[in-house]
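Below is one structure; the comments refer to it alone.
The values are calculated or read from the model by the stated rules, or taken from the named source; none is laboratory data. Predicted, not measured: the structure shown is a model, and the values here were computed from it. As a convention, Cβ positions derive from the backbone with ideal geometry for all residues, glycine included, and neighbour counts pool all protein chains shown.
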Amino acid sequence: MPGLLDLLTEAYQSGEALAQRLGVSRQAVSKEAKRLLAEGFPVEMGRKGYRIRPGTPLPHLFHPLGRLGRPYRYLGRVGSTQDVLRAWAEAGVEEGALVLAEVQERGRGRRGRRWESSPGESLTFSLLLRPTLPLSSVGLLPLLAGLALWRAVGVGGLKWPNDLLSPDRRKLAGVLLEAKTEGEEVAYVLLGVGVNVDWAPEGAAALREFAPLSRREVLLGFLLQLESLLPLLESPETLLPLYRKASYTLGQRVRVHTARGLVEGVAEDVLPDGSLQVEGVRVGAGEVDLLPQAPDA
């Protein structure tokens, strides 16, 4: 039997009409709407009635154009979409499974940082991939995911490996990759993505400042772009030139925080394994700071 969330659309519907369809009272509709709001779902209610915030990827309004994004779980308040998807992956769900939540109480970015978001205004989701890859190729996946995100929104550029920055170099989005390995092979990969669409924490940027895209449009675009790019994991010589064109890192002075200490200099290239070359030094993993350009001598 459908619930209120299953009946909501982007157009307002009266409480009376929804009550009739659900076989409950108008008071019950109001109570359920308030419960959904408390769970983080962006239900809008007022004199016109009830609707879901425009652009929300409700399951009955979300129609992936490719194979990624199915099956799909749309949730309100969770600990982390990565944790929900990991349990689903361990249960054997197929590649392409998607978990999206309006509120993450333990959402995390790279290096264990907390990822801040706002229900109805941010996009936070995790996608399952089961690529047939040797461990040596896993380093290309963050680059590919960042490139797909950049193509989906059409603005800004990438800070190695996969942070999407606005044209004025503020953070728009990030990707967290977690992989389970079995021997020398990859069992599955969890791609966690966070995008500041209509809201951003202090110091970051919101996509609405630069492109009029809804959360649903960004999600659909990312899934389609990622699917088209996935075959390039077997062709670094094709993938890397595409990535270099989207890079805000290459040619810039950088400071990279690595497990072995700081590496500072000009970012010269991205290597076939996905690592960053900084003045001859190979950096496999680390946090990049873009530094001001040195004045001309």
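Computed values, structure above
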read-out: Residues that are surrounded by fewer than 20 Cβ atoms within 10 Å (Cβ to Cβ) and among the hydroxyl-bearing types (S, T, Y), drawn from region 49-101; value: Y72, Y74
read-out: Residue identified as more than 30 Å from E10 (Cα to Cα) and out of contact with any strand residue (DSSP E or B) (no Cβ under 7 Å at 6 or more places or on another chain) among L144, L65; value: L144
read-out: V103 vs. criteria within 15 Å of the chain's Cα centre (by Cα), at pLDDT 95 or above and not in a loop (DSSP other than H, G, I, E, B); value: yes
read-out: Some residue of region 195-210 being assigned by TED's automatic domain parsing to the domain that holds E95, aliphatic (A, V, I, L, M), at pLDDT 95 or above and within 21 Å of R70 (Cα to Cα); value: yes
read-out: Test for D273: is it part of a strand (DSSP E or B) and at pLDDT 90 or above; value: no
read-out: Residue ID - surrounded by the most Cβ atoms within 10 Å (Cβ to Cβ), chosen from residues in region 37-48 that are under 23 Å from the mean Cα position of the chain (by Cα) and more than 14 Å from L18 (Cα to Cα); value: F41
read-out: Matching entry among S275, S214 (being on the phi < 0 side of the Ramachandran plot, in the same structural domain as Q82 (by TED's automatic domain parsing) and not basic (K, R)); value: S214
read-out: Scope region 7-19; condition under 25 Å from V78 (Cβ atoms) and part of a helix (DSSP H, G or I); matching residues; value: L7
read-out: Pairs with Cβ under 8 Å, 6+ apart, first in region 66-80 and within 20 Å of S228 (Cβ to Cβ) and among the hydroxyl-bearing types (S, T, Y), second assigned to a loop (DSSP other than H, G, I, E, B) and at pLDDT 95 or above; value: Y72/F62; Y72/P64; Y72/A97
read-out: Qualifying positions in region 203-222 - assigned to a helix (DSSP H, G or I) and buried (at least 19 other Cβ atoms within 10 Å of the Cβ); value: L207, R215, R216, V218, L219, L220, F222
read-out: Selection count, region 20-52, where residues are in a helix (DSSP H, G or I), over 24 Å from S118 (Cβ atoms) and aliphatic (A, V, I, L, M); value: 3
read-out: Residues satisfying the stated conditions in region 160-189, i.e. touching a residue at least 60 places away in the same chain (Cβ under 8 Å), at negative phi and not in a strand (DSSP E or B); value: W160, P161
read-out: Test set (1) surrounded by 15 or more Cβ atoms within 10 Å (Cβ to Cβ); (2) in the same structural domain as G92 (by TED's automatic domain parsing); (3) not aliphatic (A, V, I, L, M) - P231 fails condition number; value: (1)
read-out: Top-ranked residue of region 237-265 - restricted to ones that are closer than 15 Å to W160 by Cα and among the basic types (K, R), ranked as surrounded by the fewest Cβ atoms within 10 Å (Cβ to Cβ); value: K245
read-out: Residue tally, condition among the hydrophobic types (A, V, I, L, M, F, W, C) and within 13 Å of G120 (Cβ to Cβ), over region 1-44; value: 5
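Quick grid of which residues meet (1) under 20 Å from G157 (Cα atoms); (2) in the same structural domain as F125 (by TED's automatic domain parsing); (3) loosely packed, with under 14 Cβ neighbours inside 10 Å; (4) not acidic (D, E):
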site	(1), (2), (3), (4)
L224	yes, yes, no, yes
S235	no, yes, yes, yes
A267	yes, no, no, yes
G280	no, no, yes, yes
